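Report on the structure given below.
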Amino acid sequence: MADLNIDELVRQMSDAARKALGNQLPETFRYAEDEFKKLGEVLRRIQAGKQAGAIDAADAALLVEMQKNAIQTVLLTVVGSGTVLAEQVLNAALGVVRDVVNSALGWPLL
């Protein structure tokens, strides 16, 4: 199993979020980036847990879903009523790392 390069994944998610935001609400980006770092740590713990045989796909999916909800809550709070924009930012960020994460873990997680 390949080790996930969390710093690179966070960079890719941040780049995708910046692109999805465009010129809209630039102050939102710093909050998004902080949340992507937290997601990166969750992914690091999931990979370590899988390697140790301590986590399965269902538990990993639950952990990721909780972090995705946290990201969306933060973005919605910052963006206000921009639900669609918050969802676009999150989907763009996850989309750029989906294949790398799923391949490294060996299950469809994102």
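Bear in mind these aren't lab numbers, they're just calculated from the coordinates by the rules spelled out. As the structure is a computational prediction, the values presented were derived from the model and not from experiment. Positions of Cβ are generated from backbone atoms using ideal geometry, with glycine treated the same way; all protein chains shown enter the neighbour counts.
Compactness of the chain, taken as the C-alpha radius of gyration over 2.2 N^0.38 Å, stands at 1.05.
In the elastic network of the chain, a GNM with C-alpha springs shorter than 10 Å, the most mobile of L94, L39, L63 is L63.
Could you tell me how many degrees, from 0 to 90 and to the nearest 10, lie between the Cα long axis of helix 57-79 and the main elongation axis, the longest principal axis, of the Cα atoms of the chain? So the helix axis and the longest Cα principal axis differ by about 10 degrees. Modelled label positions at A61 and R45, each set 7 Å beyond Cα in the direction of Cβ, lie 2.0 nm from each other. Counting only alpha carbon atoms, the long axis of helix 28-51 and the longest principal axis of the chain meet at about 10°.
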